[in-house]
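Report on the following structure.
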Amino acid sequence: GNSVTQMEGPVTLSEEAFLTINCTYTATGYPSLFWYVQYPGEGLQLLLKATKADDKGSNKGFEATYRKETTSFHLEKGSVQVSDSAVYFCAVNSGGSNYKLTFGKGTLLTVNP
Amino acid sequence: KAGVTQTPRYLIKTRGQQVTLSCSPISGHRSVSWYQQTPGQGLQFLFEYFSETQRNKGNFPGRFSGRQFSNSRSEMNVSTLELGDSALYLCASSVSPPQGMSGNTIYFGEGSWLTVV
(Lines give C-alpha, C1' and ligand atoms only; values in the text may rest on other atoms or scores of the structure.)
Protein backbone atom coordinates (compact mmCIF):
# COMPACT_ATOMS: atom_id res chain seq x y z
CA GLY A 1 0.00 0.00 0.00
CA ASN A 2 0.90 3.67 -0.02
CA SER A 3 3.08 5.21 2.65
CA VAL A 4 4.37 8.66 3.58
CA THR A 5 7.45 9.48 5.59
CA GLN A 6 7.50 12.96 6.96
CA MET A 7 10.11 14.93 8.81
CA GLU A 8 9.61 14.53 12.54
CA GLY A 9 9.09 17.62 14.57
CA PRO A 10 8.68 19.71 16.39
CA VAL A 11 10.21 22.49 14.33
CA THR A 12 10.74 25.84 16.02
CA LEU A 13 11.67 28.89 13.96
CA SER A 14 11.91 32.61 14.38
CA GLU A 15 9.65 34.86 12.34
CA GLU A 16 10.94 35.46 8.78
CA ALA A 17 13.07 32.30 8.84
CA PHE A 18 13.10 29.83 5.94
CA LEU A 19 11.04 26.67 6.35
CA THR A 20 11.54 23.22 4.87
CA ILE A 21 9.54 20.17 5.90
CA ASN A 22 10.67 17.00 4.15
CA CYS A 23 8.22 14.44 2.78
CA THR A 24 8.86 11.25 0.81
CA TYR A 25 6.31 8.73 -0.36
CA THR A 26 5.76 5.30 -1.83
CA ALA A 27 2.69 4.78 -3.95
CA THR A 28 1.33 2.72 -6.80
CA GLY A 29 -0.09 4.07 -10.00
CA TYR A 30 -0.02 7.82 -10.63
CA PRO A 31 -0.22 9.46 -7.22
CA SER A 32 -1.38 12.93 -6.40
CA LEU A 33 0.36 14.66 -3.51
CA PHE A 34 -1.01 17.04 -0.93
CA TRP A 35 -0.06 19.17 2.02
CA TYR A 36 -2.71 19.80 4.64
CA VAL A 37 -2.46 22.13 7.64
CA GLN A 38 -4.19 21.77 10.98
CA TYR A 39 -4.47 24.73 13.34
CA PRO A 40 -5.05 24.07 17.05
CA GLY A 41 -8.51 22.65 17.72
CA GLU A 42 -9.49 22.61 14.06
CA GLY A 43 -9.87 20.17 11.19
CA LEU A 44 -7.60 19.80 8.19
CA GLN A 45 -7.28 22.50 5.56
CA LEU A 46 -5.86 21.82 2.13
CA LEU A 47 -2.72 23.92 1.72
CA LEU A 48 -1.56 22.85 -1.73
CA LYS A 49 -1.47 19.93 -4.13
CA ALA A 50 0.32 18.56 -7.18
CA THR A 51 -1.09 15.95 -9.52
CA LYS A 52 1.83 14.96 -11.75
CA ALA A 53 5.60 14.89 -11.86
CA ASP A 54 7.34 18.29 -11.85
CA ASP A 55 4.14 20.10 -10.89
CA LYS A 56 4.62 22.83 -8.31
CA GLY A 57 1.81 23.47 -5.86
CA SER A 58 1.72 26.84 -4.14
CA ASN A 59 -0.50 28.76 -1.73
CA LYS A 60 -0.03 31.51 0.87
CA GLY A 61 3.71 31.63 0.20
CA PHE A 62 4.14 27.88 0.63
CA GLU A 63 5.47 25.77 -2.23
CA ALA A 64 6.13 22.10 -2.92
CA THR A 65 7.37 20.40 -6.09
CA TYR A 66 6.40 16.87 -7.10
CA ARG A 67 9.71 15.06 -7.65
CA LYS A 68 9.05 11.64 -9.08
CA GLU A 69 12.73 10.68 -9.39
CA THR A 70 13.25 11.14 -5.65
CA THR A 71 9.61 10.36 -4.64
CA SER A 72 9.54 13.58 -2.65
CA PHE A 73 7.23 16.52 -2.04
CA HIS A 74 9.05 18.84 0.34
CA LEU A 75 7.20 21.86 1.72
CA GLU A 76 9.00 25.22 1.70
CA LYS A 77 8.29 28.81 2.65
CA GLY A 78 10.74 31.64 2.34
CA SER A 79 9.64 33.70 5.34
CA VAL A 80 7.41 32.21 8.02
CA GLN A 81 5.04 34.16 10.23
CA VAL A 82 3.74 33.52 13.73
CA SER A 83 0.36 32.73 12.16
CA ASP A 84 1.93 29.75 10.31
CA SER A 85 2.25 27.88 13.61
CA ALA A 86 0.32 24.66 13.08
CA VAL A 87 0.72 20.96 12.30
CA TYR A 88 1.51 20.14 8.68
CA PHE A 89 0.60 16.82 7.06
CA CYS A 90 1.89 15.40 3.82
CA ALA A 91 -0.52 13.01 2.08
CA VAL A 92 -0.78 10.85 -1.05
CA ASN A 93 -3.59 9.21 -2.97
CA SER A 94 -3.41 7.20 -6.14
CA GLY A 95 -4.91 4.73 -8.55
CA GLY A 96 -7.68 2.55 -7.30
CA SER A 97 -7.61 4.25 -3.92
CA ASN A 98 -8.30 7.65 -5.39
CA TYR A 99 -10.55 8.61 -2.51
CA LYS A 100 -8.34 7.39 0.27
CA LEU A 101 -5.55 9.55 1.59
CA THR A 102 -2.49 8.13 3.30
CA PHE A 103 -0.94 10.65 5.68
CA GLY A 104 2.42 11.22 7.22
CA LYS A 105 2.60 11.57 11.00
CA GLY A 106 2.54 15.36 10.87
CA THR A 107 5.10 18.03 11.73
CA LEU A 108 4.40 20.59 14.44
CA LEU A 109 5.72 24.02 13.48
CA THR A 110 6.06 26.78 16.05
CA VAL A 111 7.08 30.24 14.89
CA ASN A 112 8.27 32.68 17.55
CA PRO A 113 8.10 36.46 17.14
CA LYS B 1 -20.12 27.59 -0.94
CA ALA B 2 -20.53 25.92 2.44
CA GLY B 3 -17.79 23.53 3.50
CA VAL B 4 -18.03 20.08 5.00
CA THR B 5 -20.21 20.27 8.10
CA GLN B 6 -19.92 17.86 10.99
CA THR B 7 -22.14 17.48 14.04
CA PRO B 8 -21.79 17.34 16.94
CA ARG B 9 -18.46 19.09 17.41
CA TYR B 10 -17.83 17.77 20.90
CA LEU B 11 -19.29 14.88 22.83
CA ILE B 12 -18.54 12.75 25.85
CA LYS B 13 -19.69 9.14 26.09
CA THR B 14 -19.30 6.32 28.58
CA ARG B 15 -17.62 3.01 27.82
CA GLY B 16 -20.06 0.54 26.33
CA GLN B 17 -22.33 3.19 24.84
CA GLN B 18 -22.71 3.84 21.14
CA VAL B 19 -22.35 7.09 19.21
CA THR B 20 -23.50 8.45 15.87
CA LEU B 21 -21.68 11.25 14.08
CA SER B 22 -23.12 13.17 11.17
CA CYS B 23 -21.54 14.75 8.11
CA SER B 24 -22.92 16.99 5.35
CA PRO B 25 -20.58 17.15 2.36
CA ILE B 26 -19.89 20.13 0.14
CA SER B 27 -22.76 20.65 -2.25
CA GLY B 28 -22.24 18.55 -5.38
CA HIS B 29 -19.73 16.22 -3.75
CA ARG B 30 -20.81 12.60 -3.88
CA SER B 31 -17.91 10.89 -2.17
CA VAL B 32 -17.73 11.02 1.62
CA SER B 33 -14.95 9.49 3.67
CA TRP B 34 -14.16 9.28 7.37
CA TYR B 35 -10.85 9.41 9.23
CA GLN B 36 -9.85 8.90 12.83
CA GLN B 37 -7.12 11.08 14.33
CA THR B 38 -5.37 10.15 17.56
CA PRO B 39 -2.04 11.30 19.02
CA GLY B 40 -0.65 7.76 18.89
CA GLN B 41 -1.84 6.52 15.49
CA GLY B 42 -2.16 9.78 13.63
CA LEU B 43 -4.69 10.01 10.81
CA GLN B 44 -6.23 6.71 9.78
CA PHE B 45 -8.77 6.01 7.06
CA LEU B 46 -12.04 4.47 8.25
CA PHE B 47 -14.23 4.12 5.14
CA GLU B 48 -15.46 5.87 2.02
CA TYR B 49 -18.93 6.03 0.51
CA PHE B 50 -20.18 6.95 -2.92
CA SER B 51 -23.81 6.84 -4.04
CA GLU B 52 -24.82 5.15 -0.79
CA THR B 53 -22.30 2.33 -1.32
CA GLN B 54 -19.20 1.67 0.73
CA ARG B 55 -16.29 1.51 -1.72
CA ASN B 56 -13.28 1.42 0.58
CA LYS B 57 -12.79 0.32 4.15
CA GLY B 58 -9.84 0.76 6.48
CA ASN B 59 -8.53 -1.64 9.07
CA PHE B 60 -10.98 -1.03 11.89
CA PRO B 61 -13.17 -3.50 13.82
CA GLY B 62 -16.80 -4.08 12.94
CA ARG B 63 -17.88 -1.79 15.78
CA PHE B 64 -17.19 1.05 13.35
CA SER B 65 -19.82 1.40 10.67
CA GLY B 66 -21.22 4.04 8.40
CA ARG B 67 -23.78 4.82 5.81
CA GLN B 68 -24.58 7.38 3.19
CA PHE B 69 -27.97 8.75 2.27
CA SER B 70 -29.38 9.64 -1.14
CA ASN B 71 -28.56 13.32 -0.56
CA SER B 72 -24.88 12.33 0.04
CA ARG B 73 -25.04 13.11 3.76
CA SER B 74 -23.29 10.47 5.82
CA GLU B 75 -23.27 9.10 9.33
CA MET B 76 -20.80 6.93 11.14
CA ASN B 77 -21.57 4.84 14.18
CA VAL B 78 -19.34 3.35 16.81
CA SER B 79 -20.91 0.73 19.05
CA THR B 80 -19.69 -0.60 22.40
CA LEU B 81 -17.34 2.31 22.90
CA GLU B 82 -13.88 1.73 24.33
CA LEU B 83 -11.53 4.24 25.93
CA GLY B 84 -9.26 3.92 22.91
CA ASP B 85 -12.01 5.24 20.65
CA SER B 86 -11.43 8.73 22.06
CA ALA B 87 -10.33 10.71 19.04
CA LEU B 88 -11.07 13.42 16.54
CA TYR B 89 -13.28 12.00 13.79
CA LEU B 90 -12.92 13.81 10.53
CA CYS B 91 -15.32 13.67 7.63
CA ALA B 92 -14.16 14.59 4.15
CA SER B 93 -15.87 15.00 0.81
CA SER B 94 -14.75 15.07 -2.78
CA VAL B 95 -16.07 15.25 -6.30
CA SER B 96 -15.89 11.92 -8.04
CA PRO B 97 -13.97 12.48 -11.27
CA PRO B 98 -14.39 10.34 -14.35
CA GLN B 99 -12.68 7.00 -14.04
CA GLY B 100 -8.95 7.17 -14.70
CA MET B 101 -8.52 10.82 -13.76
CA SER B 102 -6.21 11.67 -10.93
CA GLY B 103 -5.93 14.71 -8.77
CA ASN B 104 -9.10 14.26 -6.81
CA THR B 105 -9.01 16.80 -3.99
CA ILE B 106 -10.45 15.81 -0.64
CA TYR B 107 -11.85 18.54 1.62
CA PHE B 108 -12.21 18.08 5.37
CA GLY B 109 -14.66 19.27 7.97
CA GLU B 110 -13.79 20.63 11.40
CA GLY B 111 -14.23 17.23 13.01
CA SER B 112 -16.13 15.73 15.93
CA TRP B 113 -14.17 15.40 19.16
CA LEU B 114 -15.23 12.22 20.95
CA THR B 115 -14.15 11.53 24.52
CA VAL B 116 -14.94 8.14 26.03
CA VAL B 117 -14.84 7.96 29.82
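Computed values, structure above
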item	result
Per DSSP, loop GluC sites (Glu not before Pro) in the stretch A:1-56 with at most 11 further Cβ within 10 Å	A:Glu16
Of A:Lys56/A:Lys105; A:Lys100/B:Lys57; A:Lys68/B:Lys57, pairs whose Cα-Cα distance is over 19 Å	A:Lys56/A:Lys105; A:Lys68/B:Lys57
Cα convex hull of the stretch A:8-90 - mean projected area over all directions, nm²	5.6 nm²
Partners for A:Lys49 among aspartates and glutamates (Cα-Cα distance below 14 Å; same-chain residues under 8 apart left out)	A:Glu63, A:Glu76
For A:33-44, mean number of other protein chain Cβ atoms within 10 Å	4
Globularity index of the protein assembly as shown, i.e. its alpha-carbon radius of gyration over 2.2 N^0.38 Å	1.01
Range in chain A, longest, excluding exposed trypsin sites (Lys or Arg not before Pro) [loop by DSSP; at most 15 other beta-carbon atoms within 10 Å]	A:1-51
Accessible surface of the stretch A:21-113 [probe 1.4 Å, protein heavy atoms]: carbon and sulfur percent	50 percent
Phi-based couplings in Hz for the stretch B:54-59 (Karplus 6.51, -1.76, 1.60; Gly and Pro marked x)	7, 9, 9, 9, x, 8
Space enclosed by the convex hull of the alpha-carbon atoms of the stretch A:11-58, per residue, Å³	123 Å³
Difference of contour (0.36 nm per residue) and Cα-Cα distance, B:Phe69 to B:Thr38	8.4 nm
Projected area averaged over orientations for the stretch B:1-87, convex hull of C-alpha atoms, nm²	5.8 nm²
Cβ-based net charge around B:Gly16, under 14 Å, with every Lys or Arg adding one and every Asp or Glu removing one	+1
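The values are calculated or read from the model by the stated rules, or taken from the named source; none is laboratory data. Keep in mind that this is a model prediction, so the values were computed, not measured. Glycine also receives a Cβ, built like all others from the backbone with ideal geometry; neighbour counts cover every protein chain displayed. Side chains are part of the model used for accessible areas, which takes the heavy atoms of the whole protein and leaves out ligands, DNA and RNA. Shrake-Rupley method; radii C 1.70, N 1.55, O 1.52, S 1.80 Å.
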